[in-house]
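Engineer: My questions will all concern the structure given below.
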Amino acid sequence: MTDEEINRFLEVPRTGVLATLGRDGWPHPVGMWFARPDEESISMWAYRKSQKVVNLTRDPRCSFMVEHGESYDSLKGVLIRGRARLVDSEDDIYSIGVALHERYTVPATGIAVEHGPEAVLRRQATKRTGIIVPIEQVASWDHSKLGGGGYT
């Protein structure tokens, strides 16, 4: 995919998979919602004591994959590699929570942050860590460009 296609693909609110490295060196992949504060990074939040945060504290190297498609010839995806930066400021964590709410919850419920969820997001920010992954390397694929029938 071109850079423009990658950016358009990542603008759609899908679930991605964050893979961190466990103490034993094995990958620890988990499904995550994510936001795009800019075109150079992605952001998420997680409970402070979660395994992914423990892993990123020890080793910030991670990958993040977003994929979409039901049949082989419709598969599209983006794989990002970067060194995560953990965010501890409650205001910054709250901002990530707001971005996630606006991206995933508002389209489904129509309930804006200022109409109720603000207190919940503020409370959640006290228990969470922000995760910012700068895009150091990116790979992408779009099987619809391969032509032919593909596999189903």
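The values are calculated or read from the model by the stated rules, or taken from the named source; none is laboratory data. Not measured: the values here are computed from a predicted model. For neighbour counting, all protein chains shown are included, and Cβ atoms are generated from backbone atoms with ideal geometry for every residue, glycine included.
Engineer: Does L56 satisfy the criteria of being surrounded by 15 or more Cβ atoms within 10 Å (Cβ to Cβ), of a type in the set (A, V, I, L, M) and within 14 Å of the chain's Cα centre (by Cα)?
Structural biologist: The answer is no for L56.
Engineer: Here is a list: V17, V87. Which entry is buried (at least 17 other Cβ atoms within 10 Å of the Cβ) and not polar (S, T, N, Q)? Quick ask: steps written out before the conclusion?
Structural biologist: Numbers: V17 fails: buried (at least 17 other Cβ atoms within 10 Å of the Cβ).
After applying the criteria, what remains is V87.
Engineer: Got a number for residues in the range 103-123 being touching a residue at least 40 places away in the same chain (Cβ under 8 Å) and surrounded by 13 or more Cβ atoms within 10 Å (Cβ to Cβ)?
Structural biologist: 2
Engineer: Run down S140, S144 and say which single residue is in contact with an Asp or Glu (Cβ under 8 Å, 6 or more places away or on another chain), of a type in the set (S, T, Y) and closer than 17 Å to V17 by Cα.
Structural biologist: Details: S144 fails: closer than 17 Å to V17 by Cα.
Result: S140 is the single residue among S140, S144 that is in contact with an Asp or Glu (Cβ under 8 Å, 6 or more places away or on another chain), of a type in the set (S, T, Y) and closer than 17 Å to V17 by Cα.
Engineer: Does the range 91-101 contain at least one residue that is touching a residue at least 60 places away in the same chain (Cβ under 8 Å), in contact with a helix residue (DSSP H, G or I) (Cβ under 7 Å, 6 or more places away or on another chain) and buried (at least 19 other Cβ atoms within 10 Å of the Cβ)?
Structural biologist: Looking through the range 91-101, none of the residues is touching a residue at least 60 places away in the same chain (Cβ under 8 Å), in contact with a helix residue (DSSP H, G or I) (Cβ under 7 Å, 6 or more places away or on another chain) and buried (at least 19 other Cβ atoms within 10 Å of the Cβ).
Engineer: Could you pull out the residue among E67, E40 that is under 19 Å from R103 (Cβ atoms), surrounded by 14 or more Cβ atoms within 10 Å (Cβ to Cβ) and acidic (D, E)?
Structural biologist: Just a single option satisfies the conditions, and that option is E67.
Engineer: Considering only the range 1-49, state which residues are part of a strand (DSSP E or B) and at pLDDT below 95.
Structural biologist: P37, D38 - these are the residues of the range 1-49 that are part of a strand (DSSP E or B) and at pLDDT below 95.
Engineer: Ok, one more. So which pairs qualify, if the first residue must be in the range 1-13 and within 14 Å of I80 (Cα to Cα), the second must be among the hydroxyl-bearing types (S, T, Y), the Cβ gap must be under 8 Å, and the two must be at least 6 apart or on different chains?
Structural biologist: M1/S140; I6/S140; F9/S140
Engineer: List pairs: first residue in the range 50-61 and touching a residue at least 60 places away in the same chain (Cβ under 8 Å), second residue assigned to a loop (DSSP other than H, G, I, E, B) and of a type in the set (A, V, I, L, M) anywhere in the structure, Cβ distance under 7 angstrom, at least six positions apart or on different chains.
Structural biologist: From residues that are touching a residue at least 60 places away in the same chain (Cβ under 8 Å), the pairs are L56/A84.
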